[in-house]
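I am attaching a structure below and will ask some questions about it afterwards.
The values are calculated or read from the model by the stated rules, or taken from the named source; none is laboratory data. Quick caveat, the model's predicted, so the values are computed rather than measured. Here Cβ is always computed from backbone atoms with ideal geometry, including for glycine, and neighbour counts include all displayed protein chains. We work out accessible area using only protein heavy atoms, side chains counted, and drop any ligands, DNA or RNA first. Shrake-Rupley method; radii C 1.70, N 1.55, O 1.52, S 1.80 Å.
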Amino acid sequence: MTLTAKSVARAALVSTLVAAAAGAAVLAASPASGAASTLAAAAQQSGRYFGTAVAANKLGDSTYVGILNREFDMVTAENEMKMDATEPNQGQFSYGNADRIVNHARNQGKRVRGHALAWHSQQPGWMQNMSGTALRNAMLNHVTQVASYYRGKIYAWDVVNEAFADGSSGGRRDSNLQRTGNDWIEAAFRAARAADPGAKLCYNDYNTDNWSHAKTQGVYRMVQDFKSRGVPIDCVGFQAHFNSGNPVPSNYHTTLQNFAALGVDVQITELDIEGSGSTQAQQYQGVTQACLAVARCTGITVWGIRDSDSWRASGTPLLFDNNGNKKAAYTSVLNALNGATGTTTPTTTTTTSSSTPNPGGCTATYSEGEKWNDRFNGQVTVSGTDNWIVTVTVSSPQRIIATWNTSATWETANVMTARPNGSGNTFGFTISHGGNWNWPAISCRVA
């Protein structure tokens, strides 16, 4: 997205995702010895990518290009592949700036996310004045021509961007494309599949991070419907633009996991988090760990390289400062990625659970979740009180690398204290096991 497209107000989300390490670890000055030293290399260890949005007019900036070439292995054109850029006049296509980005990425061995084929915003003037069948046919022709031109060069297309409305309706956005008929999104995906059958086809949107929000549920129902009817959709993109009024929600992991359970990949596509210092670093770490905890979260893209390159530069929302120096947020992301090495292919999920009664009218029930070669998820459900404190103790070399639906603090590196955060009496966490598959010890008491 761009500044003009993002001027819509962001609905306030509920609370921050708890960082899964103490502040000192978050702000470590350098990665651990022997760990990968770049974002791309660290992400590749767990089969993921780490990308960035790129502007063609910055490809002459040596600092910008140096960071791009070194740190990222996926590239998204910031504006150059959108409808107004690629078809400025009806039937006359222009790919010059988009080609600069695509060619640079491919020459550097990087993959490309195509952004975006169909969108209510940043339409060329001629399209803005169309409606009905003429608009539908023009949209489908645009999808077909652009996807065909780049056939075989694109990893994933944002086929449709931001088609759902903000607010409590959970319905579609009123746009000229929507007014051509409710099947326009399906038609765009089918056209994209025919034009570029080897690319992944994604739906992309913002304000879909909180599982409880109506907009999130509306998109979920659409994806569920598409999968049930064989409409070609392979992935869902979560833009993930956060700030103090719109922080990372505590149920972010739940959102990613629930969409992935529909049989689609999930990707964080436009990540930026306004702020600075340890607070920003912890938020970035939490988002990264949420992705790492979901096997089908295949990658993260930040929306720009340096703070000065951002559409909201005054909020200093990126991983590099104006001069290209690495920020604390960079180190927190790199360390999180380095802590998740290994394959992301899950084993069969078990449903085994253990109830542990505790004194003081509190019972904690632990259930196993998804398991991977290097980590596993656990879930705790508390009964007997809404005012509880649960202690989770892992045994070395295990460590908890992500949490959700709880406010968590660490007594030691191996002992976490969990408290309610308003999300109910069930919370979860991801344990990096280091070869130790034993369940954590769980105890519960009334606060």
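Positive end of the dipole of the chain, charges at C-beta (+1 Lys, Arg; -1 Asp, Glu), about the Cα centre: which of 251, 436, 302 has its Cα farthest in that direction?
Checking the options against the dipole of the chain, the answer is 436.
Just to be sure I follow the rule: in the chain, considering lysines 8 or more places apart or on different chains, how many pairs have Cα atoms under 18 Å apart?
Going through the chain pair by pair, I get 10.
Helix 277-292 sits at what angle to the longest principal axis of the chain, using alpha carbons and giving 0 to 90 degrees rounded to 10?
Taking Cα atoms only, the helix is inclined about 80 degrees.
In whole Å, what is the distance between the alpha-carbon centres of region 383-406 and region 92-164?
45
Taking K and R as +1 and D and E as -1, what net charge do the other residues with C-beta under 12 Å from the C-beta of residue 153 add up to? Intermediate values should be presented prior to the final figure.
On the way: positive: 106, 110, 111, 113, 151; negative: 99, 196.
Around residue 153, the surrounding residues sum to +3.
Can I ask one more? Under a 1.4 angstrom probe, counting protein chains only, how are 151, 193, 229 ranked by accessible area, largest first?
Numbers: 151 135, 193 65, 229 115 Å².
So the residues, ranked largest to smallest area, are 151, 229, 193.
Now a separate question. Roughly how much of residue 115 is accessible, in Å² to the nearest 10, using a 1.4 Å probe?
Ignoring ligands and nucleic acids, residue 115 comes out at about 0 Å².
Right, something else. Only four residue types carry charge here, +1 at the Cβ of Lys and Arg and -1 at the Cβ of Asp and Glu. Report the dipole size of region 39-340 about the Cα centre in Debye, rounded to the nearest 20.
So the magnitude is around 600 debye.
Go ahead and set up a Gaussian network model of the chain, Cα springs under 10 Å, then flag whichever of 88, 397, 197 fluctuates most.
Result: 397 has the largest fluctuation of those listed.
I'd like to check one number: the per residue accessible area of region 363-446, probe 1.4 Å, reported in Å² as a whole number.
38
With charges set only on the Cβ (+1 for Lys and Arg, -1 for Asp and Glu), what does the dipole of region 363-446 come to about its Cα centre, in debye to the nearest 20?
Here the size comes out at about 80 debye.
Continuing with this model, one more query. Comparing 291, 362, 202, which has the greatest mean-square fluctuation in the GNM of the chain with Cα pairs linked when under 10 Å apart?
Its mean-square fluctuation being the largest, the pick is 362.
Angle between the Cα long axis of helix 96-107 and the longest principal axis of the chain, 0 to 90 degrees, nearest 10?
It works out to around 50 degrees.
Please report the orientation-averaged projected area of region 363-446, defined via the convex hull of its C-alpha atoms, in nm².
Result: a mean projected hull area of 4.8 nm².
Further question on the same structure: From the helices alone, meaning DSSP H stretches of at least four residues, give me the mean residue ellipticity at 222 nm for the chain, per-run term -39500 (n - 2.57), in deg cm²/dmol to the nearest 500.
Calculated mean residue ellipticity at 222 nm is -8000 deg cm²/dmol.
Nearest 5 is fine: what % of DSSP beta bridges in the chain come out antiparallel, could you say?
55
So what's the angle, to the nearest 10 degrees on a 0 to 90 scale, between helix 132-149 and the longest Cα principal axis of the chain?
Tilt of helix 132-149: around 80 degrees.
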